[in-house]
Amino acid sequence: SSFVEKNIYHHASGEAEQTVKAHSNKCDLVFYAAWFCPFVHRTWLALEEKEILYEYREVNPYKKEKEFLDINPLGLTPAIAYHGKALHESLVLNEFLEDEFTGSKPLLPKDSFERARCRLWIDHLAKKFTSAFFRTMQAQEEDKQKEGLNELVETLKTYLDQVKGPWFLGEQFSLVDITVAPWIFRMYILEEHRGFKDELVGGCWPEYKKLIKERPSVIKTSSDRQRYTEFYQRYLQNETESEIAKAIRAGKPLP
Ligand code: GSH
């Protein structure tokens, strides 16, 4: 694809850079990641929360290099190789980590009904909230931006109504919180460029947002704000040829 996509700042910065350095040794679990990617961020948070040993490997998913396509034929980050076997899709990876690392801190409840309810709200966040976020970023005309923003606020409120507080499940931090955290972390982009305001959401939103931003795993995986701002220009100007951006333009579900 374009020149723009291939000229992405090539590594994590800030706190995230330290975390990457601390995970540079060979390991049974290789994490194929891109520092800027919110889907990567989901799996990164699960790895950090569960304190799993992993080797961080930075890839530029837009380059579609053969080595990476061998790991994920779709060429999307995140992906992992675990004892030489490959898997991809952020939410599938998170479920895998939860199933495999049973000795680590659980990120889903024990009760089957409650687990299923978690998956329902993960699905809501992944399909409705996430796509509204990208739609709002990519919208160029003011009415389309407003439309996107309204949808974003509505899908966020619908979710927050289910949040027991402080986290989705109450005291237990879970994969549900992780599914939305990367976008909450990036919400300032919509504040600065699309008129998002905390008051539009209300309820437990200010507190929930604050707790997410202060979560040690979120801080440890954060790059410098300036780098995200640079990165998201291509979305704000609707100039990216990423699979996600193309799906949004075509009115299709996210890849
Ligand atoms: N559904 C995937 C997941 O949840 O893991 C989406 C992953 C995704 O779209 N990642 C982006 C990517 O790899 C980076 S943020 N883009 C490469 C491309 O669009 O060609």
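The values are calculated or read from the model by the stated rules, or taken from the named source; none is laboratory data. No experiment lies behind these values; they were computed from the predicted model shown. Cβ sites come from the backbone with ideal geometry, for glycine too, and all protein chains shown count toward neighbours. Accessible surface areas use protein heavy atoms only, side chains included; no ligands, DNA or RNA. Shrake-Rupley method; radii C 1.70, N 1.55, O 1.52, S 1.80 Å.
One residue alone among Ile244, Ile178, Ile212 is within 16 Å of the ligand (Cβ to nearest atom) and in contact with a Phe, Trp or Tyr (Cβ under 8 Å, 6 or more places away or on another chain), and that residue is Ile244. A search for C-beta distances below 6 Å between a residue of the stretch 210-233 that is over 21 Å from Ala34 (Cβ atoms) and any residue that is surrounded by fewer than 19 Cβ atoms within 10 Å (Cβ to Cβ), counting only pairs 6+ apart in sequence or on different chains, returns Leu211/Pro166. The residues of the stretch 226-251 that are open to solvent by 80 Å² or more (accessible area, probe 1.4 Å), in contact with a helix residue (DSSP H, G or I) (Cβ under 8 Å, 6 or more places away or on another chain) and modelled with pLDDT of 95 or more amount to a single one, Arg249.
Cβ-Cβ contacts under 7 Å between residues 6 or more apart (or on different chains), taken from a first residue in the stretch 109-121 that is over 14 Å from Asn94 (Cβ atoms) and open to solvent by less than 90 Å² (accessible area, probe 1.4 Å) to a second residue that is not in a helix (DSSP H, G or I) and not small (Gly, Ala, Ser), are listed as Pro109/Leu169; Pro109/Gln172. Residues that are within 11 Å of the ligand (Cβ to nearest atom) and among the aromatic types (Phe, Trp, Tyr) were ranked within the stretch 62-106; the one that is surrounded by the fewest Cβ atoms within 10 Å (Cβ to Cβ) is Phe68.
Scoring Ala132 on the criteria (1) under 22 Å from Asp28 (Cβ atoms); (2) surrounded by 17 or more Cβ atoms within 10 Å (Cβ to Cβ) leaves a single failure, condition (1). When Phe3 is tested against (1) at pLDDT 95 or above; (2) of a type outside the set (Gly, Ala, Ser); (3) loosely packed, with under 14 Cβ neighbours inside 10 Å, exactly one condition is not met: (1). Looking only at residues in the stretch 31-55 that are part of a loop (DSSP other than H, G, I, E, B) and within 16 Å of the chain's Cα centre (by Cα), the one that is farthest from the ligand (Cβ to nearest atom) is Trp35. Scanning the stretch 135-147 for residues that are open to solvent by less than 40 Å² (accessible area, probe 1.4 Å) and within 16 Å of the ligand (Cβ to nearest atom) returns Met137, Gln138.
Is there a residue being of a type in the set (A, V, I, L, M, F, W, C), assigned to a helix (DSSP H, G or I) and modelled with pLDDT of 95 or more anywhere in the stretch 56-66? There is no residue in the stretch 56-66 that is of a type in the set (A, V, I, L, M, F, W, C), assigned to a helix (DSSP H, G or I) and modelled with pLDDT of 95 or more. Val176 meets each of the listed conditions (1) touching a Cys at 6+ places or on another chain (Cβ under 9 Å); (2) open to solvent by 50 Å² or more (accessible area, probe 1.4 Å) apart from (2). For the stretch 153-180, filtering for residues that are within 17 Å of Ser131 (Cβ to Cβ) and not β-branched (Val, Ile, Thr) leaves 4. A search for C-beta distances below 7 Å between a residue of the stretch 78-97 that is over 17 Å from Ala181 (Cβ atoms) and any residue that is among the aromatic types (Phe, Trp, Tyr) and surrounded by fewer than 17 Cβ atoms within 10 Å (Cβ to Cβ), counting only pairs 6+ apart in sequence or on different chains, returns Leu87/Phe96.
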